[in-house]
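Heads up: the structure comes next, in structure tokens.
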Amino acid sequence: MIGAKRVVHNYGHGGAGWSLSWGSATLARDLALGGGVQNVAVIGCGALGLTAALTLLRSGARTTIYAAERTPFTPSARATGIWSPESRIAATDAMPPDFPERWEAMARRAWAVHRTFVGLDGDPVRFVNQYNLRAAEGQRARVGPPPSPGHVPFEHFEGRLDDLGPHSRRLSPEEHPFPVESARLLPQMTFNVAEYARELTEAFLLEGGHIVSRTFHRPSELADLPEPVVVNCTGYGARALFGDHSIVPVRGQIGWLAPQPEVTYGLYYNGVTMVPRADGMVIQAVGAGEMVGYGIDDETPNRAETEEALAMLATLFPGQARPDATV
Ligand SMILES: Cc1cc2nc3c(=O)[nH]c(=O)nc-3n(C[C@H](O)[C@H](O)[C@H](O)COP(=O)(O)OP(=O)(O)OC[C@H]3O[C@@H](n4cnc5c(N)ncnc54)[C@H](O)[C@@H]3O)c2cc1C
């Protein structure tokens, strides 16, 4: 409670915010609408704010989003855009005992809703063939920035979602062109984030929601809002607004190339990820593990990091490297 206002916190989703969004929205909706509430304010217009606001609206609540930034200028617009519901979502030694069940419920709900966007105009959600490649002996490397100091034991929920969606399959050497020891192919659920966020914004407004540009500087300002319940979807912004220092950046940075519609597959090789999205080719090197980017909130683009990742990918295409590729 802040004064007489009930505040439902819906932030802190690690590297899994897009993936878990609809499931987390359902939990937030149930907390927000308890007691017959019909008017709800949502703070934030990123992945979590948009999905919470639409879920509330579609449950019959009059819903207004208040946000400093909206699509395409929210941090959510800069995500890699793949189904990654486990990514840095919780530290094993800091999560409540019921979290694995809650996480599973969120993931299952979110998966089901994401699926309803497959095949729509603009492909907001689609399955992209991703080649997970294992380098040959002597070619193995861990490309990417050094990990941050320390060790956070990030939880992995092995096997809980095994029945969902397609699995990867090992390819025989004749089935792929890459000079590697082994390859697996995974139809990867991929979010075309620019289009997805636009469609969610459009749906929210068309269905009667309102968006107000507003920046909050302290929690007491929430008391001025006319709505009796506030769903707080401020993401990393919650650190400053609510003084919540448990919120730390966990996913590092990605690099972008111009869109290349002719590239219809994704890659993972020696710690480098490449995702071909309609709004750009996403490149990230995280070879040094889950502590890469941990605690670092400097968003200055790092061109050298992306070039190192590209140089690694270029070794998969001997004789075809394009040194003029735009970063
Ligand atoms: C490099 C990288 C790659 C990622 N890749 C993936 C991926 O592939 N798949 C996946 O599922 N997840 C991924 N994530 C995680 C995902 O991007 C986040 O979990 C998600 O975007 C968080 O969304 P959000 O809506 O909580 O926050 P944000 O997108 O940060 O939105 C916060 C909103 O709150 C508003 N706000 C904040 N403070 C205030 C304030 N004081 N007053 C008013 N408004 C305020 C902002 O303006 C904004 O509208 C990635 C993250 C990173 C960094």
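Throughout, read-outs are computed from the coordinates displayed, never taken from laboratory work. In this text, all values refer to a predicted model and were calculated from it rather than measured experimentally. Note that each Cβ is placed from the backbone with ideal geometry, even for glycine, and that neighbours are counted across all protein chains shown.
Kirkwood analysis of the Cα pair distances in the stretch 168-230 returns a hydrodynamic radius of 17.1 Å. Assuming a ≥ b ≥ c are the square roots of the Cα gyration tensor eigenvalues, decide whether the stretch 1-51 counts as rounded (a/c under 1.5), prolate (otherwise, with a/b larger than b/c) or oblate. The shape class here is prolate.
Listing LEU206, LEU164 from the residue with the fewest other Cβ atoms within 10 Å to the one with the most, what is the order? Kindly include the intermediate steps, with their values, before the conclusion.
On the way: LEU206 8, LEU164 15.
By the 10 Å Cβ count, ascending: LEU206, LEU164.
Distance from the Cα centroid of the stretch 201-253 to that of the stretch 100-169 is 27 Å (rounded to whole angstrom).
Helix 47-58 axis versus longest C-alpha principal axis of the chain: approximately 50°, rounded to the nearest ten. Taking a Cβ cut-off of under 12 Å around GLU158, the surrounding Lys, Arg, Asp and Glu residues balance to a net charge of -3, with basic ones at +1 and acidic ones at -1. Summing +1 for each Lys or Arg and -1 for each Asp or Glu among the other residues whose beta-carbon sits under 13 angstrom from that of TRP83 gives +2. Between 0 and 90 degrees, the angle of helix 303-314 with respect to the longest Cα principal axis of the chain falls at about 50 degrees. Relative contact order for the stretch 200-299: 22 percent, from Cα pairs under 8 Å spaced at least 6 residues apart, divided by residue count. Dividing the mean sequence gap of close Cα pairs (under 8 Å, 6+ apart) by how many residues the stretch 149-255 holds gives a relative contact order of 13 percent. The calculated P(r) of the stretch 1-90, using every Cα pair and 10 Å bins from 0, goes 17, 49, 29, 6 in percent. The ranking of ASP163, ASP123 from fewest to most other beta carbons within 10 Å of each one's beta carbon is ASP163, ASP123. Dipole check for the stretch 6-314: with +1 at the C-beta of Lys and Arg, -1 at the C-beta of Asp and Glu, and the Cα centre as origin, the magnitude is about 360 Debye. Note on GLU104 and GLU175: the extension gain reaches 22.1 nm, defined as 0.36 nm multiplied by sequence separation minus the Cα-Cα distance. Assign one of three labels to the stretch 6-314, namely rounded, prolate or oblate, based on the Cα gyration tensor with a ≥ b ≥ c the square roots of its eigenvalues; rounded applies when a/c is under 1.5, prolate when it is not and a/b is larger than b/c, and oblate otherwise. Judged from the Cα gyration tensor, the stretch 6-314 comes out prolate (a/c at least 1.5, a/b above b/c).
Mean separation of Cα pairs under 8 Å and 6+ residues apart, divided by the residue count of the chain: what relative contact order is that in percent? Walk me through the numbers on the way to the answer.
Working: 660 pairs, mean separation 85.3, N = 327.
Rounded, it is 26 percent for the chain.
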